[in-house]
Amino acid sequence: SMAKRNSVDMALHVAREARQIHGGMGITGEYPIMRHMMNLESVVTYEGTHDIHLLITGADITGIQAFK
């Protein structure tokens, strides 16, 4: 879970940096940067995967379940 959570964080960071590097062209449809970034944002916000992995990691470390 920690690896999956970190992978999403790092991929989102890379996509945001790529958008910044490309400037205005980073938000156009000419390059796939914005599409990748929107896909990653949906993983973080819509699916809640990021938060679920945080809960799993916390339960593993503390032994206390955050959900039932």
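Values quoted throughout were computed directly from the atomic coordinates according to the rules given, and no laboratory measurement underlies them. For clarity, every value in this text was computed on a predicted model and none was experimentally measured. Glycine also receives a Cβ, built like all others from the backbone with ideal geometry; neighbour counts cover every protein chain displayed.
Using just its DSSP H runs of length 4 or more, each adding -39500 (n - 2.57), the chain gives a mean residue ellipticity at 222 nm of -23500 deg cm²/dmol after division by all residues.
Going 7 Å from the Cα of residue 66 toward and past its Cβ, which residues in segment 1-27 have a backbone nitrogen under 18 Å from where you end up? Inside the label zone: 1-10.
Taking the Cα atoms only, what angle lies between the long axis of helix 49-62 and the longest principal axis of the chain, rounded to 10 degrees? On a 0 to 90 degree scale, this one is about 30. Using C-alpha pairs under 8 Å with a sequence gap of at least 6, the mean separation divided by the residue count of the chain gives a relative contact order of 34 percent.
Please identify the GluC sites (Glu not before Pro) of the chain that satisfy two criteria: DSSP loop assignment and at most 11 other Cβ atoms within 10 Å. Which are they? For GluC sites (Glu not before Pro) across the chain that sit outside H, G, I, E and B with at most 11 neighbouring Cβ atoms in 10 Å, the list reads 30, 47. Each 10 Å bin, from zero up to the one with the longest distance, holds this percent of the alpha carbon pairs of the chain: 21, 39, 24, 12, 5.
To the nearest 10 degrees, how steeply does helix 33-45 sit against the main Cα axis of the chain, on a 0 to 90 scale? Between the helix axis and the principal axis of the chain, the angle is about 20 degrees.
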